[in-house]
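The values are calculated or read from the model by the stated rules, or taken from the named source; none is laboratory data. Since the model is a prediction, treat every value here as computed from it, not as a measurement. Counting neighbours? That spans all protein chains shown, and the Cβs are built from the backbone with ideal geometry, glycine included. Just so you know, the surface numbers come from the protein's heavy atoms only, side chains and all, with ligands and any DNA or RNA stripped out. Shrake-Rupley method; radii C 1.70, N 1.55, O 1.52, S 1.80 Å.
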Amino acid sequence: MVFFEDLGTNVHGFQGEEQIETTVEDFLDHSPHFTTTQGMYDVEEVADDDDDWQMVQAKGNQFVVNGQPFYVNGFNTYWLMVFAADQSTRGKVSELFQQASSVGLTVCRTWAFNDGQWRALQKSPSVYDEEVFKALDFVVSEAKKYKIRLILSLVNNWNAYGGKAQYVKWGNASGLNLTSDDEFFSHPALRSYYKSHVKAVLNRVNTFTNITYKNDPTIFAWELMNEPRCTSDPSGDTLQSWIAEMAAYVKSLDAKHMVEIGLEGFYGPSAPARTQFNPNSYATQVGTDFIRNHQALGVDFASVHIYADSWISPSISDAHLEFTKSWMEAHIEDAEKYLGMPVIFSEFGVSRKDPGYNSSYRDTLINTVYKTLLNSTKKGGSGAGSLLWQLFPDGTDYMDDGYAIVLAKSPSTSNLISLHSTRVAIFNSRCSWKCRWGCRKKNSLEKFLYRDDL
């Protein structure tokens, strides 16, 4: 667990800068979300206060809630529903949210799907396992206790947890003659299956809270699909049609929540000058088109993933850091110039299985992401947040794909996350405080916000 005194003189190198520490403590003492009297994020105090638990909305380049900016420091843990479905592992969900909250993380991205697999939520089209749905109810209810909001993804592009391939199997089982998984995007029957699942989730009444999902501020946004690709149509027309139809459909059921697509961020045919930023030539051929896709009506913010070790080369190098920075800056610029919306870097990380990996490199990568975001934030840009891939509680190593971060085993990474959370929280509260701070305090705060700590 990371304590706020560590953000002063001991860990992050602010020796002798008492003004900075005092300024940060001033902020923390007067913020409803933090306390320096207990020395850490006061989870219980926040959980008891529902007044500020309102829907987050996109307004221009920013997210806002209660009229205040809402910059995001968050994480992914995709398997929460499946763990909650088993009483022997349900406690790990609570443990994870508690640990995430203790370092100030405020948004979690997770799956609201498991199609036709072990512990399936959707056993066949529109047929659900009620116990698994109750497990998702638990995840949503538990997230709220720790003041963590959820991005809920509604289907997978990949085969894990069923994905579009499972929808095609269901279609063929019903008598269709489908030959490609990409027919998920184009065949009317499969579009109908997907819409039925969307409707079932959005209209679900939580058995723990009695709140309908589409009315619950705990849900930050709906994600149409995890990493959609349609390689059978590199023009992008097929996927664009699907995105336009499904974003509009979600909005027709739920006009309150934000919608995002779930894209990796590859540039396509509509912006040939931007394809230079793609990690490789293949990325242009997967049927996605970052700018065009996000111009579909009903899409509220942009999503981008960052995997230099998968896209460029598995061996760790400085080129990965350079790519990460330029990839982020290009998408932030496009979100401002062409889209007029916030962008979240909704998956980023590095695998311990990569040749040359060490924890110091992971911290440097994370710091690169955080620093690039802060450079945008201080200018009022579209860089609205990031979600680590991925956060695990202790004792879940058997689920690890190489990217897992266990906070208790990673003190330097934990400190880095906590420091960024504090900076983000200050930005989120500055509107109401900047008029009360004198120039000296403002200058000290600037040093704290923008100092490079690695």
Count of region 134-161 residues which are more than 23 Å from residue 260 (Cβ to Cβ) and either in a loop (DSSP other than H, G, I, E, B) or open to solvent by less than 10 Å² (accessible area, probe 1.4 Å) (or both): 1
Residue list for region 373-401, restricted to those being in contact with a strand residue (DSSP E or B) (Cβ under 7 Å, 6 or more places away or on another chain) and farther than 27 Å from residue 95 by Cβ: 373, 376, 377, 382, 383, 384
Residues (among the hydroxyl-bearing types (Ser, Thr, Tyr) and either under 18 Å from the mean Cα position of the chain (by Cα) or crowded, with 22+ Cβ neighbours inside 10 Å (or both)) located in region 386-412: 386, 403
Matching residues, region 339-371, being over 19 Å from the mean Cα position of the chain (by Cα) and more than 29 Å from residue 273 (Cβ to Cβ): 352, 353, 354, 355, 356, 357, 358, 359, 360, 361, 364
Pick from region 83-107, criterion of a type in the set (Val, Ile, Thr) and either within 19 Å of the chain's Cα centre (by Cα) or crowded, with 24+ Cβ neighbours inside 10 Å (or both), ranking: nearest to residue 348 (Cα to Cα): 107
Residue within region 254-274 that is surrounded by 15 or more Cβ atoms within 10 Å (Cβ to Cβ), part of a helix (DSSP H, G or I) and not charged (D, E, K, R) present: no
Number of the condition not met by residue 182 [criteria: (1) over 24 Å from residue 262 (Cα atoms); (2) out of contact with any Gly (no Cβ under 6 Å at 6 or more places or on another chain)]: (1)
In region 203-243, the residues that are touching a helix residue (DSSP H, G or I) at 6+ places or on another chain (Cβ under 9 Å), in a helix (DSSP H, G or I) and either among the acidic types (Asp, Glu) or surrounded by fewer than 21 Cβ atoms within 10 Å (Cβ to Cβ) (or both): 214, 238, 241
Any pair with Cβ under 6 angstrom, 6 or more apart, that starts in region 204-229 at a residue that is closer than 19 Å to residue 65 by Cα and among the polar types (S, T, N, Q) and ends at one that is open to solvent by 10 Å² or more (accessible area, probe 1.4 Å) and in a helix (DSSP H, G or I): 218/144
So residue 88, is it out of contact with any Phe, Trp or Tyr (no Cβ under 6 Å at 6 or more places or on another chain) and part of a loop (DSSP other than H, G, I, E, B): yes
Residue among 199, 251, 195, 164 that is open to solvent by less than 30 Å² (accessible area, probe 1.4 Å), assigned to a helix (DSSP H, G or I) and under 28 Å from residue 292 (Cα atoms): 164
Residue in region 266-276 that is aromatic (Phe, Trp, Tyr) and within 21 Å of residue 351 (Cβ to Cβ) present: yes
Verdict on residue 345 being open to solvent by less than 10 Å² (accessible area, probe 1.4 Å), over 16 Å from residue 267 (Cβ atoms) and touching a residue at least 24 places away in the same chain (Cβ under 8 Å): no
Residue 123, sole failed condition from (1) part of a loop (DSSP other than H, G, I, E, B); (2) at pLDDT 95 or above; (3) open to solvent by 10 Å² or more (accessible area, probe 1.4 Å): (1)
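So that you can scan it fast, the table gives a plain yes or no per residue for (1) assigned to a helix (DSSP H, G or I); (2) closer than 13 Å to residue 72 by Cα; (3) touching a residue at least 24 places away in the same chain (Cβ under 8 Å); (4) β-branched (Val, Ile, Thr):
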| position | (1), (2), (3), (4) |
| --- | --- |
| 341 | no, no, yes, no |
| 354 | no, no, yes, no |
| 368 | yes, no, yes, yes |
| 373 | yes, yes, yes, no |
| 381 | no, no, yes, no |
| 387 | no, yes, yes, no |
| 401 | no, no, yes, no |
| 414 | yes, no, yes, no |
| 427 | yes, yes, yes, no |
Region 290-338, residues that are open to solvent by 30 Å² or more (accessible area, probe 1.4 Å), within 25 Å of residue 252 (Cβ to Cβ) and under 19 Å from the mean Cα position of the chain (by Cα): 300
